[in-house]
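In what follows, a structure is listed as structure tokens, so that the remarks can point back to it.
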Amino acid sequence: MNILRNNRVQQLCCRWIATTRNTQTATTQNKQTSTAKDNKFIVEYLDQRQLIRVKGEDIIPFLQGLTTNDIRQLQSSHTGSLYTMFLNKAGRVLYDAIMYKAPTDSSTILIECDQEVCNELMRHLKLYRVRRKIQIDSIADELKVWCVFQAGGGGPTAVLPQMPVDNMDIINDPRLPDLGYRLIATADRTSEEISRLLKHLSNAKIEQSNDGNNYRLHRYTIGVAEGMKDMPPGKQFPLEANCDVLNGVSFNKGCYIGQELTARVYHTGVIRKRHMPLILKAPLAENSSFSVNNDAGVKVGNVLGCAETNGLALIRIEKALKSKELTIDGKPCSVEIPKWWPPLLLNNIMAREEA
């Protein structure tokens, strides 16, 4: 049986695979012949992200039972950060997080989370701490989170050293190369100081983010969610949020809260909805809910966020790809297949739908 019988789906899949290959080829060529124009970093202070310090001798087994990823990876000298999610007992996402190991203290892990749910996450951690001697504190007044990325995707053409530099840690984003770097800096550092230091380290042009070139827009362009606005607590499953493709879940680590359903969904392969980038004709109103409809007026997804004419949506993949036209509030739009999705992922989705 041909799993891509629908012509439109077949065309989209073939175009996506060809585009992915062309992008990979172009990326390799760009890295070999990068110019000064290519070597431009955008730096942005992430005021919506906050750090929690978790300290104690039992920190690894404690966090291992609460999150989707294998926290033991942070004990390796080659791993400085880890993407993970905290789930509820029903297997739905409560909080997304990036964890960092402290450079000089193996009993300390820093957890980066959405600023609006920081207190909730701390209560969640303390609830399961029980009698363990583990200290849990917000360090928002001590350290701040910044990001450094290159717009346009394809991974950075300029490289930053991953090491502590002048009271600042530079760490690869553990999800995708396209997302660039995370910087953990003392709270007194200014954007001008960080820009000067980055320019010295990379010999690249450094620019501040702006309305037309910022981290949220960059994330939506490549199709990556972050924080409670994109992933409201208790509303989505981790694999719908591409947690498996973003290096955020381990299927070999053993039990954790929400593990049973996550493992069952993964092994059955029934994941009909995922986060996908949206291309809009015009920006959507902020703080409003919108649905994505097909040409028959049937809902095929929900808009999670919008930045300029780029957005992010939780999409029923097969139904969206088979639609002749998609609309939001009566206005035409389109969805894109993320270039970082492995080809087998889409093939498995289509095979399940055709079966």
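The values are calculated or read from the model by the stated rules, or taken from the named source; none is laboratory data. Just so it is clear, the structure is predicted and the values come from calculations on it, not from any experiment. Using ideal geometry, Cβ is built from the backbone for each residue, glycine included, and neighbour counts are taken over all protein chains shown. Just the protein is used for accessible areas: all its heavy atoms, side chains included, with ligands, DNA and RNA removed. Shrake-Rupley method; radii C 1.70, N 1.55, O 1.52, S 1.80 Å.
A few points about this structure:
- The stretch 84-125, residues that are part of a helix (DSSP H, G or I) and without any contact (Cβ under 8 Å) to a residue 24 or more places away in the chain: 119, 123
Conditions (1) touching a Leu at 6+ places or on another chain (Cβ under 6 Å); (2) free of Cβ contacts under 8 Å to residues at least 60 places away in the same chain, marked per residue:
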position	(1), (2)
209	no, no
217	no, no
255	no, no
266	no, yes
273	yes, yes
282	no, yes
288	no, yes
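- Failed item in (1) modelled with pLDDT of 95 or more; (2) buried (at least 20 other Cβ atoms within 10 Å of the Cβ); (3) part of a helix (DSSP H, G or I), with residue 74 passing the rest: (1)
- Residue in the stretch 164-174 that is in contact with a helix residue (DSSP H, G or I) (Cβ under 8 Å, 6 or more places away or on another chain), within 30 Å of residue 262 (Cα to Cα), in contact (Cβ under 8 Å) with a residue 40 or more places away in the chain and assigned to a loop (DSSP other than H, G, I, E, B) present: yes
Yes/no matrix, rows are residues, columns are (1) surrounded by fewer than 19 Cβ atoms within 10 Å (Cβ to Cβ); (2) under 13 Å from residue 184 (Cβ atoms):
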residue: 87; (1), (2): no, no
residue: 96; (1), (2): no, no
residue: 109; (1), (2): no, yes
residue: 127; (1), (2): yes, no
residue: 134; (1), (2): no, no
residue: 141; (1), (2): yes, no
residue: 150; (1), (2): no, no
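- In the stretch 204-222, residue most open to solvent (accessible area, probe 1.4 Å) [restricted to those that are assigned to a loop (DSSP other than H, G, I, E, B) and out of contact with any Phe, Trp or Tyr (no Cβ under 8 Å at 6 or more places or on another chain)]: 211
- You will find that of 31, 37, the residue that is farther than 30 Å from residue 320 by Cβ, modelled with pLDDT under 85, assigned to a helix (DSSP H, G or I) and open to solvent by 50 Å² or more (accessible area, probe 1.4 Å) is 31 and no other.
- Subset tally (residues that are of a type in the set (A, V, I, L, M, F, W, C), surrounded by fewer than 16 Cβ atoms within 10 Å (Cβ to Cβ) and either farther than 21 Å from residue 232 by Cα or under 16 Å from the mean Cα position of the chain (by Cα) (or both)) for the stretch 275-331: 4
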